[in-house]
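Asks: Sharing a structure below in C-alpha cells format, with a few things to ask.
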Amino acid sequence: MKRDISKHISRRTECPACSSKNLSESIPPHVNIRMPVLPICVETPREDDDFAPINICICEDCGLITLKDIIDPEVLYETFHADGIGKLWAGQYQHLFELIKRHHKGGRLLEIGAGPGKVVSLLLSHYNSGIEVFDPLYFGPREGVTVHEKLFSKETAKELEGEFDTIISCHTLEHFLKFGEYFENSWRALKKGGLLITTIPNQEYNFSKGLANVLNFEHTSVCTNFHWADLHMKHGFKIKEISFYIDYSIQIVAEKVDNPPSYKISNMKDYTLKMIEQYGRSLKERMRKVEEFAKPDKENWLFGASLFAHPLFAYGIDEKIFKGVLDNSSPKQNKRLYGTDLICRKPEEIINKEKALRIFLNVGQFNKEVYNQIKQLDPRTECIFL
C-alpha cells in the first residue's frame, strides 16, 4: 500500500549550521520541484513511488544553502542504497587511511556510519585492537571489531563520555539534518585531546558543477569549505590538518580542546547566491547536451542509477529518450530506477560489438573511470560527458 509521504515531510525552521531562524524564500527556479524521494532501484510498481518538493533557499545570516523541506530519516534510510564502489572510492578510502595512520597512535577508535566497512578493513590491516563502529546497517568485517548496531546519538555519547581517542567518519556528516549534533556528540565521547577525523564531499566545488548528488533529500545542505571549518571551531575543535582528495572530498583532522580559535563568516549570502546561479546554469548545460545529442540513430543510455539521475527528469528531460540506465552497483541491476520506468542494467550485458550505443555519462568525478570501462567493452561506443 502506498504511504502518505506528506506525513513524513517537515519544513525547516532554522539553519542547520548556525541555528538562525532567518531563512530566505525558495529561490527560483528551484521551487516545488517534484523529486523522487529515494535514489534506489526497486522491483515495486511505479505507482508506489513517493515524491516530495525540492525548495532551495539560503540562510540570510551565514549564507548556507539548504532545502526548506526535509524528509524523516527513517523513511530515507529504511533500505541501504550507497555502496561506494570503483577506483575513485577506493582511492578516497586509502587517502583517509593514510591520514588516520599519521594521527591516530593507538587506543579506542570509533567510526560513525561505517556501512560496508571499507575503512574498517584497512584499519584492521594496521591496528591490532580498539576498532569500534556505530551503524544500524553495518555489513563490514566483524572479527576484531566492536559493532554497535545503532545510531551514534546524544544518549550513546553520554554513555561513552570521554572514552575514545579518535572518532572518524567518511561521507556521513553531510547526511545530518543538524550538523551540531555530530560535533557535540563527538566532542563528548572523545578524551581530552582526542581527534575527530572527518571526510566530507567537496560540496562547494561539486555543487557549482551542477552535480545533483550534492543537494537532495539525503544531503539537505551545501556547506562551503568555510562552513566546515567554522563548525569545527564553534563546537570545541582545533583544526590540525585539512587534506583534499582531488576535487572530490575534504578530510579534516581536528583536536578536542577547551578554547578553540574562532573567526566570523560575513557576507557569505552573495557568494552562495552566485553558487546557486552557477548550479542552475550547469544543470541546464547538462540537459542541453542530452537534448542535442540524444538522436534516434542509436540506442541512448544513461549511466548512473543514482542521485545524479533524478534532477535531469525532475527539471524537464523526458525519460523516454533513454532505452534504460546503466550502473556498476550489483544491487541495482535488473531493477527499476525509482521514480522512473527505466530499468537498470549491468554494463557488460548491454555494451557489446553487435550494436553501437550512445551513453550519457552522468556520474560526476566517476565519468572518466566509467569511460575507460566502456571503451574496453566496445571502443565504438559513443560517450557523452554530462
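Asks: Mind checking whether some residue in region 69-81 is outside the structural domain of residue 342 (by TED's automatic domain parsing), outside any helix (DSSP H, G or I), among the acidic types (Asp, Glu) and closer than 30 Å to residue 275 by Cβ?
Replies: Yes, that holds for at least one residue.
Asks: Right, something else. Among the residues of region 284-298, is there at least one that is modelled with pLDDT under 95, charged (D, E, K, R) and crowded, with 19+ Cβ neighbours inside 10 Å?
Replies: Looking through region 284-298, at least one residue is modelled with pLDDT under 95, charged (D, E, K, R) and crowded, with 19+ Cβ neighbours inside 10 Å.
Asks: Taking the condition assigned to a loop (DSSP other than H, G, I, E, B) and in contact with a helix residue (DSSP H, G or I) (Cβ under 9 Å, 6 or more places away or on another chain), does residue 115 pass?
Replies: So residue 115 fails the test.
Asks: Right, here's the next one. Consider residue 297 carefully, then state whether it is assigned by TED's automatic domain parsing to the domain that holds residue 197 and part of a loop (DSSP other than H, G, I, E, B).
Replies: The answer is no for residue 297.
Asks: Looking at this structure, is residue 247 charged (D, E, K, R), on the phi < 0 side of the Ramachandran plot and in a loop (DSSP other than H, G, I, E, B)?
Replies: yes
Asks: What residue, among those in region 102-123 that are farther than 17 Å from residue 169 by Cβ and among the charged types (D, E, K, R), is nearest to the chain's Cα centre (by Cα)?
Replies: 102
Asks: Is it true that residue 308 is outside the structural domain of residue 207 (by TED's automatic domain parsing), crowded, with 21+ Cβ neighbours inside 10 Å and at pLDDT 95 or above?
Replies: So residue 308 fails the test.
Asks: Is there a residue being on the phi > 0 side of the Ramachandran plot, surrounded by fewer than 21 Cβ atoms within 10 Å (Cβ to Cβ) and assigned by TED's automatic domain parsing to the domain that holds residue 153 anywhere in region 90-101?
Replies: Within region 90-101 (the criterion being on the phi > 0 side of the Ramachandran plot, surrounded by fewer than 21 Cβ atoms within 10 Å (Cβ to Cβ) and assigned by TED's automatic domain parsing to the domain that holds residue 153), the answer is no, since none of the residues qualifies.
Asks: Going by the structure shown, is residue 277 closer than 26 Å to residue 63 by Cα and among the acidic types (Asp, Glu)?
Replies: Against the criterion (closer than 26 Å to residue 63 by Cα and among the acidic types (Asp, Glu)), residue 277 qualifies.
Asks: It is to be established whether one or more residues within region 323-335 are of a type in the set (Lys, Arg), touching a strand residue (DSSP E or B) at 6+ places or on another chain (Cβ under 7 Å), crowded, with 17+ Cβ neighbours inside 10 Å and closer than 22 Å to residue 213 by Cβ.
Replies: Taking every residue of region 323-335 in turn, at least one turns out to be of a type in the set (Lys, Arg), touching a strand residue (DSSP E or B) at 6+ places or on another chain (Cβ under 7 Å), crowded, with 17+ Cβ neighbours inside 10 Å and closer than 22 Å to residue 213 by Cβ.
Asks: Next question, about the same structure. From 158, 150, 191, which residue is charged (D, E, K, R), part of a strand (DSSP E or B) and either without any contact (Cβ under 8 Å) to a residue 60 or more places away in the chain or touching a Phe, Trp or Tyr at 6+ places or on another chain (Cβ under 8 Å) (or both)?
Replies: It is 191.
Asks: Which one of these does residue 133 not meet: (1) in a helix (DSSP H, G or I); (2) under 22 Å from residue 182 (Cα atoms); (3) among the hydrophobic types (A, V, I, L, M, F, W, C)?
Replies: Unmet condition: (1).
Asks: Still on this structure, please answer the following. Determine whether residue 194 is surrounded by fewer than 20 Cβ atoms within 10 Å (Cβ to Cβ) and small (Gly, Ala, Ser).
Replies: So residue 194 fails the test.
Asks: Let me ask something else. Residue by residue through region 43-67, note down the ones that are surrounded by fewer than 18 Cβ atoms within 10 Å (Cβ to Cβ) and among the β-branched types (Val, Ile, Thr).
Replies: 44
Asks: Could you figure out which of (1) within 26 Å of residue 5 (Cβ to Cβ); (2) out of contact with any Lys or Arg (no Cβ under 6 Å at 6 or more places or on another chain); (3) at pLDDT 95 or above isn't true of residue 381?
Replies: Among (1) within 26 Å of residue 5 (Cβ to Cβ); (2) out of contact with any Lys or Arg (no Cβ under 6 Å at 6 or more places or on another chain); (3) at pLDDT 95 or above, residue 381 violates only (1).
Asks: Could you list all residues from region 102-138 that are among the aromatic types (Phe, Trp, Tyr) and surrounded by fewer than 21 Cβ atoms within 10 Å (Cβ to Cβ)?
Replies: Listed by number, the list holds a single entry, 127.
Asks: Yes or no: residue 167 β-branched (Val, Ile, Thr) and either in contact (Cβ under 8 Å) with a residue 60 or more places away in the chain or surrounded by fewer than 21 Cβ atoms within 10 Å (Cβ to Cβ) (or both)?
Replies: Criteria not met by residue 167.
Asks: Among the residues of region 333-340, is there at least one that is in a strand (DSSP E or B) and over 24 Å from the mean Cα position of the chain (by Cα)?
Replies: no
Asks: Identify, please: which residue in region 351-383 is surrounded by fewer than 19 Cβ atoms within 10 Å (Cβ to Cβ) and of a type in the set (A, V, I, L, M) and is, among those, farthest from the chain's Cα centre (by Cα)?
Replies: Among those that are surrounded by fewer than 19 Cβ atoms within 10 Å (Cβ to Cβ) and of a type in the set (A, V, I, L, M), it is 356.
Asks: Can you tell me how many residues within region 1-47 are charged (D, E, K, R) and more than 28 Å from residue 344 (Cα to Cα)?
Replies: The total comes to 6.
Asks: State which residue is nearest to residue 274 (Cα to Cα) when the search covers only region 204-258 and only residues that are in contact with a Phe, Trp or Tyr (Cβ under 9 Å, 6 or more places away or on another chain) and free of Cβ contacts under 8 Å to residues at least 24 places away in the same chain.
Replies: 214
Asks: Just checking, does region 84-100 include any residue being part of a loop (DSSP other than H, G, I, E, B), within 16 Å of the chain's Cα centre (by Cα) and among the hydroxyl-bearing types (Ser, Thr, Tyr)?
Replies: No, that holds for no residue.
The values are calculated or read from the model by the stated rules, or taken from the named source; none is laboratory data. Predicted, not measured: the structure shown is a model, and the values here were computed from it. Every residue, glycine as well, gets a Cβ built from its backbone with ideal geometry; the counts of neighbours run over all protein chains shown.
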